[in-house]
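Below: the structure, in structure tokens.
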């Protein structure tokens with residue numbers, strides 16, 4: 001399947017991807033650390049830190065490890081959980097100790113899961129406070145990273161028991 005991106009909104013990035021799996025299975029992929037650690041992040045990256053407190057107001061702290069000793073950490077806070085249909089959270093860049101890095105923009109993310117004819121479509125909207133913040137993330141090649149992450153999810157769905 002192909003990842004579709006819509007950047008026509010000034011402050012948002014809309015992402016759509018369909019997967020050959022039931023909606024409940026996709027929900028598990030997004031909400032359980034034992035699954036996230038296998039697919040979250042672009043190609044060539046791992047997720048050695050994945051601490052998930054999946055509940056309203058709970059926090060997901062993660063650190064990705066990439067080539068040349070690169071690391072990238074994030075701290076997500078769950079604002080809405082409507083299993084297995086909708087997930088809303090903020091995602092902020094953090095340091096390895098989990099302290100939020102205020103110099104980076106906060107992403108406000110809504111993920112919706114819909115199933116039809118044995119396909120689950122994941123629709124994500126990533127909203128930033130300003131167009132400049134959104135554009136800065138796009139310039140960091142977020143589109144390629146998201147596409148690679150979804151490719152990893154698709155591969156993991158085929159291998160996960």
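Taken together, the values in this text are just the output of simple stated rules run on the coordinates, not laboratory data. These numbers come from a predicted model, not from an experiment. Neighbour counts are summed over all protein chains in view; Cβ atoms, including those assigned to glycine, are modelled from backbone coordinates with ideal geometry.
Quick notes on this one:
- Taking label points 7 Å from Cα along the Cα-to-Cβ direction, residue 100 and residue 85 give a separation of 2.9 nm.
- Computing FRET efficiency as 1/(1 + (r/R0)^6) for residue 151 and residue 32, where r is the C-beta to C-beta distance and R0 is 22 Å, gives about 0.65.
- Legend: translational diffusion of the chain by Stokes-Einstein, Rh = Kirkwood radius over C-alpha pairs, 37 °C, 0.692 mPa s; D = 205 µm²/s.
- From largest to smallest, the equivalent ellipsoid semi-axes obtained for segment 100-161 from the alpha-carbon gyration tensor read 28, 15, 10 Å.
- Cα centroid of segment 5-28 to Cα centroid of segment 98-161, whole Å: 7 Å
- Packing order of peptides 136-145, 20-29, 113-122, highest average first: 20-29, 113-122, 136-145 (average count of other Cβ atoms within 10 Å over each peptide's residues).
- The Stokes-Einstein estimate for segment 1-75, based on a Kirkwood radius over Cα pairs and taken at 20 °C with 1.002 mPa s viscosity, is a diffusion coefficient of 149 µm²/s.
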